[in-house]
Amino acid sequence: MSPDDLEPLDGLLARHGLAGAAEAPFPNDGWSGAVLTRLLDARGRAFILKRDSLERDWIAQATADRPLLREAWFAASGPALPRPARAPHLGAGLDGATGDIGILMPDLSDVLFDWTAPLGVDELDRVLNALATVHDGDWSSALAEGKEHWTPWRERVTLICRSSLERAGPARDAVADRLLTGWDAWDRLATPRARAIIAELAHDSRPLLDALAGQPATLLHGDLKLANAGIAADGMVELVDWQMVMVAPVAIELGWFLVSNVTALPLRPDEVLARYWRSRGREDTRENDLAILVGLLLRGWRKGADTEAGVVHASGVSAADDLAWWCEHAIEAFDRSL
């Protein structure tokens, strides 16, 4: 499947009553290079159009995406999610004039969480329950169909580790200036053994990838920041931004969820993990171990930066104590599971 297999973007917009609608800039905190605009139909209903392409999107480049972006494929042809999870895409189309791919969805500005604001425990449980429902789904019929589109594991778990930011490539060009100072802070503040473990995995991720390969794989969102989730009026949990959708062990999802949302999560990491596994009716210590290692490999830089800044997280735990927790558990996880 190629971009030319998508319907024309004009046709997609017309189907939703947006033919000729003006596109207004839509500010957002995304950093991939995609551009979002807001459109209104004749009844005043608001929509968001995400314009993207392989050429403009550094994350797509760094995660081995294709000209038909995986998020566009997922929006146009991906499997439906089990309740209460919902991917609110209305479709994807090709702009023949620019070559951009447009992904259309309702404007969910009043639904998606503010990632800078503390999340309530009930809201957290509802998101975790939706996530567990997706992870428990039977995706056997969908997996083969989307095989060429899923985000590769290695590129996801090493996307913004130090080595990826230091070597020539899209990550260095796009975000190294923003993130390497955080990795420097991590190196100054993390315990020597934890620092050595993460440096070793950044240099050679194969031990972690091999351990992940021994775990069951399922459909993952791939980038579950709380800014990409919200609870709709009908009780459904909306999940947007499927740019790194993948079929992989849940440890990749859980690790990123814990570290990317630390400023908003109302509970400590171990409590969040316990509540997730409670939704699935079991617990998996090995997946938790791998989640901790994935999380630090991707975002140890933020642990260092927050600690130096004296941040106190929504859970009431200081960034310094949070860093100490992650260092201790990373050592235990490495020794036990790798």
Surface accessible to a 1.4 Å probe, residue 16 within the full protein complex, Å²:
40
Leaving ligands, DNA and RNA out of it, work out the accessible area of residue 40 with a 1.4 Å probe and give it in Å² to the nearest 10.
90
Starting from the Kirkwood Rh over alpha-carbon pairs, what translational D in µm² s⁻¹ does segment 1-138 have by Stokes-Einstein at 25 °C and 0.890 mPa s?
150
Surface per residue (accessible, 1.4 Å probe) for segment 204-272, Å²
25
I'd like to check one number: the per residue accessible area of segment 115-171, probe 1.4 Å, reported in Å² as a whole number.
45
Give the Cα extents of segment 273-314 along the principal axes, in whole Å, largest first.
38, 22, 11
Backbone HN-Hα couplings from phi across segment 222-230 [Karplus 6.51/-1.76/1.60, Hz, Gly and Pro as x]
x, 8, 8, 6, 5, 5, 9, 9, x
Just the number, please: carbon plus sulfur as a percent of the accessible area of segment 224-338, 1.4 Å probe, no ligands or DNA/RNA counted.
47
Other residues with Cβ under 14 Å from the Cβ of residue 134 give, with Lys and Arg +1 and Asp and Glu -1, a net charge of -1
So how much accessible area does residue 38 have, in Å² to the nearest 10, using a 1.4 Å probe?
90
Dimensions (Å) - the chain, Cα atoms, principal axes, largest first
59, 43, 41
Please list, in order, the residues from segment 91-117 whose amide nitrogen is less than 19 Å from a point placed 7 Å along the Cα→Cβ vector of residue 24.
104-112
What do you reckon, how do 56, 193, 302 stack up by accessible area (1.4 Å probe), largest on top?
193, 56, 302
What number, rounded to the nearest 500 deg cm²/dmol, is the helix-based mean residue ellipticity at 222 nm of the chain, given -39500 (n - 2.57) per DSSP H run of at least four residues and division by all its residues?
-14500 deg cm²/dmol
For the chain, with only Lys/Arg (+1) and Asp/Glu (-1) charged at the beta-carbon, what is the dipole magnitude about the Cα centre, in debye rounded to 20?
240
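The values are calculated or read from the model by the stated rules, or taken from the named source; none is laboratory data. Predicted model, so just to flag it, every value in this text is computed and none were measured. Virtual Cβ from ideal backbone geometry, glycine too; neighbours counted across all protein chains shown. Only protein heavy atoms, including side chains, enter the accessible area calculation; ligands, DNA and RNA are left aside. Shrake-Rupley method; radii C 1.70, N 1.55, O 1.52, S 1.80 Å.
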